[in-house]
Amino acid sequence: MYRLLGPTKRWDPTARKSVVVWSSYEDPASPDVVRNRIIRSDDYLAIKARGGSNEIQLALSVLVFLFTAWELEIRPRLAQAASVTLNDVKSDIMGDLRIVRHATLHAKSVLAKEEHRRLQVLGTTFAPERAIEPSYEQMHQIFVAIKQDCARLMTDWLKIPGSVLDPSELSDVAIQRVGTKPPRGEGAA
């Protein structure tokens, strides 16, 4: 359970006094342990602001999750569905996310020069020897690149010619399940 406590009187924005925020977190598994934190409100707001450390931490977590889901779930299923080996299922964007994941988990989110040189899609998104701090716009670009690569994989496997569909021009992909089951509300007599 998360609680946020604050001072009981109103804050006067013209006053130069420090306002603090008290926050605590109780772990339901260990109710006798309460984690407390007292922080200046300016620092609290900076952490929670757009581009703040919370947003960056969440963005990095999403990137780590995306690669892990690809490697452990999606890629093996695609290989099985296409009757190919796991190494035959390749994605440049997911390869880049593997490098970003490694830097995030093992190098304090700093992308080394030699690792940066290996990036094929995200080379212009992140700088070498600097902390990986993806913005909202960069995350959107990464999601679009993943969808484009997904479309590329589908068009390759379905042998759709590039003149009919160019995956690099797509910004979104939707997959419709087609089967014998009628849509909701239809077929019930």
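The values are calculated or read from the model by the stated rules, or taken from the named source; none is laboratory data. Computed from a predicted structure; not experimentally measured. Cβ coordinates were reconstructed from backbone atoms using ideal geometry, including for glycine residues, and neighbour counts include every protein chain displayed.
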So Ala145, is it hydrophobic (A, V, I, L, M, F, W, C), surrounded by 12 or more Cβ atoms within 10 Å (Cβ to Cβ) and touching a residue at least 60 places away in the same chain (Cβ under 8 Å): no
Considering region 166-188, residues that are at pLDDT below 70 and of a type in the set (Lys, Arg), and then whichever is nearest to Asp149 (Cα to Cα), we arrive at Lys181
Within region 75-92, is even one residue closer than 19 Å to Asp149 by Cβ, β-branched (Val, Ile, Thr) and assigned to a helix (DSSP H, G or I)? no
Between a residue in region 93-116 that is on the phi > 0 side of the Ramachandran plot and any residue that is of a type outside the set (Phe, Trp, Tyr), which pairs come within a Cβ distance under 7 Å, given they are 6 or more apart or on different chains? Ser109/Leu60; Ser109/Ala103; Ser109/Ala131; Ser109/Ile132
Quick count over region 65-82, residues being touching a residue at least 40 places away in the same chain (Cβ under 8 Å) and surrounded by fewer than 17 Cβ atoms within 10 Å (Cβ to Cβ), is 1
Select from region 132-165 the residues that are assigned to a loop (DSSP other than H, G, I, E, B), over 26 Å from Leu86 (Cα atoms) and not hydroxyl-bearing (Ser, Thr, Tyr) and write down the one among them that is modelled with the lowest pLDDT. Val164
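Among the residues of region 122-141, write down those that are over 11 Å from Leu111 (Cα atoms) and loosely packed, with under 14 Cβ neighbours inside 10 Å. Outline the logic, then answer.
Of all residues in region 122-141, those over 11 Å from Leu111 (Cα atoms) come to 122, 124-125, 134-141.
Those that are over 11 Å from Leu111 (Cα atoms) and loosely packed, with under 14 Cβ neighbours inside 10 Å: Thr124, Tyr136, Glu137, His140.
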